[in-house]
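These notes concern the structure reproduced below.
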Amino acid sequence: MDKLILGIESSCDETAAAVVKNGREILSNIINTQIDLHKKYGGVVPEIASRKHIENIDAVVEEALIQAGVTLNDIDAVAVTYGPGLVGALLVGVSYAKGYAYAAKKPLIPVHHIKGHIAANFLAHKDLKPPFISLVASGGHSHIVLAEDYTKFKILGRTRDDAAGEAFDKIARVLGLGYPGGPLIDKLAKQGDPKAIHFPRVKIDKDSLDFSFSGVKTAVINYLHKAEQQGAEINKADVAASFQDAVTDVLCEHTIDAAIRNNMKTIAMAGGVAANSDLRNKMIVLCREKGIDVLYPSPVLCTDNAAMIACEGYYLYLDGSRATLDLNAAASLSIED
Ligand code: KG4
Ligand code: ZN
C-alpha cells in the first residue's frame, strides 16, 4: 500500500511543503524563499522570517497538495521540522502542522532538520540504503555523520565554531558579494586561482574528525585588511577561489578519513554547501582513488526544502514515531536523539 507523506519545513528562511510517495518519489516540492527580503540585512532576520512564514504557509501547503494532485484525505501523515533552527520560524511550521494533523485526524511526525538533509539523498538516489557516511554542511551545521539506518545516526565529527556555510556567507560579505554567499563565492571562484593565496587548513588533532572554520575566516579577513592598508589591489576571484579551496580541502579530507576508518564505501553529501561545485568535484576525484562512491542531491534538494522532511518523515512513520499535540519547537536538537 502506497504511503503519502506531507512534509512541512520552516526552520529558517524557506517556507516549504511537499508531498512524497513511499519516501522516494516527489509528487510536489514547493519552496517559497525569503532570500530577497533578508538580502538587504546581509543575513536572516529571525523576526521577519517568522512573520513571512505565517503569511505564506497556508498557500504553500495548499499548492503542494494541488501540484501533487491529492487532497488532505489521501495523505497518510504530516511530517514537520521541529528543530534545530530559528525557534520563532520553527513554531510556525510546528503549529500549522499540529492544526492540520488534528483537523484531518492524521498522524503527526516530528522530523529533525539535519536528518532531513541527509534523507534528501534517498530522493536523489533511489537505490541508496544505509549504512553510509554523510557530510552535512549547511549554513548552521557542519557534521560528519554515520547513517547507521534510515532514522539512526552517529556524529563522527562536527564544527567547533563556525559552520562551513556560515564561513562562506561571512567571506562573501567582506568581499562585498551579497547574500547568501556560498553560491556567489562558488561562481566567482571559477575565475580565480585556488593556489594564489595559501589560507590555513585547520586540523584539531590527528585523531579528531572535527572542523574549525574560524581560523580560515580570520585569515581571509586579515589578508584583506592588510592589502587595504598597503593599498594593494585585491583580486577577489583569487581570494574566493583560495578560500574555497581551503574549506573544501578540509571537508573532503575529514569525510574521506571517516569513511576509511568506518570501512564505508559510500559518502552522501547534504546541506546547502553540498551544492558547491568545487567540493563535489574534489570529493569525486579523491574518492575515485579510494574506491568510494560519492553521492549528492540536486542543488534544490541540497538547500532547505520539505521533500527531504517528508522523506525522513516516511521512515520515521514506518518506525512508529509519532508526536502528540504538545510538540514544541526545539532550537537546538542533537541528531543522535
Ligand atoms: O541547507 P541550507 O539551505 O540551510 C541551512 O540549513 O543552513 O544551507 C544554506 C547555506 C548557506 O550558508 C549558503 O551560503 C550555502 O548553504 N550554500 C553554498 C552553496 N549553495 C548554498 N555554499 C557553498 N557553495 C554553494 N554553491
Ligand atoms: Zn538546512
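The values are calculated or read from the model by the stated rules, or taken from the named source; none is laboratory data. Remember, predicted model here, so these are calculated numbers, not experimental data. Neighbour counts are summed over all protein chains in view; Cβ atoms, including those assigned to glycine, are modelled from backbone coordinates with ideal geometry. For accessibility, only protein heavy atoms count, side chains too; no ligands or nucleic acids. Shrake-Rupley method; radii C 1.70, N 1.55, O 1.52, S 1.80 Å.
Structure notes:
- Computed from the Cα positions only, the extents of the range 201-337 along the three principal axes stand at 62, 40, 31 Å, in decreasing order.
- Non-local lysine pairs in the range 98-169, meaning eight or more places apart or on different chains, with alpha-carbon distances under 25 Å, amount to 13.
- The chain - accessible surface per residue (Å², probe 1.4 Å): 42
- Helix 307-319 and the longest principal axis of the C-alpha atoms of the chain enclose an angle of approximately 60°.
- Trypsin sites (Lys or Arg not before Pro) within the range 137-193, DSSP loop, no more than 16 other Cβ atoms inside 10 Å: Lys152, Arg160, Lys190
- Relative contact order computed over the chain (Cα-Cα under 8 Å; 6+ residues apart), in percent: 25
- Each principal axis of the Cα atoms in the range 129-297 has its own extent, and those three values, largest first, are 54, 27, 27 angstrom.
- For the chain, the fraction of 1.4 Å probe accessible surface lying on carbon and sulfur atoms is 51 percent.
- Dipole size of the chain about its Cα centre, with +1 on Lys/Arg Cβ and -1 on Asp/Glu Cβ: approximately 380 debye, rounded to the nearest 20.
- Charges were assigned to the Cβ only: +1 to each Lys and Arg, -1 to each Asp and Glu. The resulting dipole of the range 129-297 about its Cα centre is roughly 260 debye.
- Reachable aspartates and glutamates, given that their alpha-carbon falls under 15 Å from the alpha-carbon of Lys190 and they are not under 8 places away in the same chain: Asp238, Asp245, Asp278
- Rounded to 5, percent antiparallel among DSSP beta bridges of the range 2-147: 70
- Karplus (6.51, -1.76, 1.60) ³J(HN,Hα), θ = phi - 60°, over the range 68-74, in Hz, Gly and Pro reported as x: 7, x, 10, 10, 4, 4, 6
- Between 0 and 90°, nearest 10: helix 87-104 axis offset from the chain longest Cα axis: 20
- Counting only aspartates and glutamates at least 8 places from Lys39 when in the same chain, those with an alpha carbon closer than 16 Å to its own are Asp13, Glu14, Glu47, Glu166, Asp169.
- Within the range 233-337, GluC sites (Glu not before Pro) in DSSP loop having at most 15 other beta-carbon neighbours inside 10 Å: Glu233, Glu336
- In terms of Cα atoms, the Rg and Dmax of the chain work out to 20.0, 69 Å.
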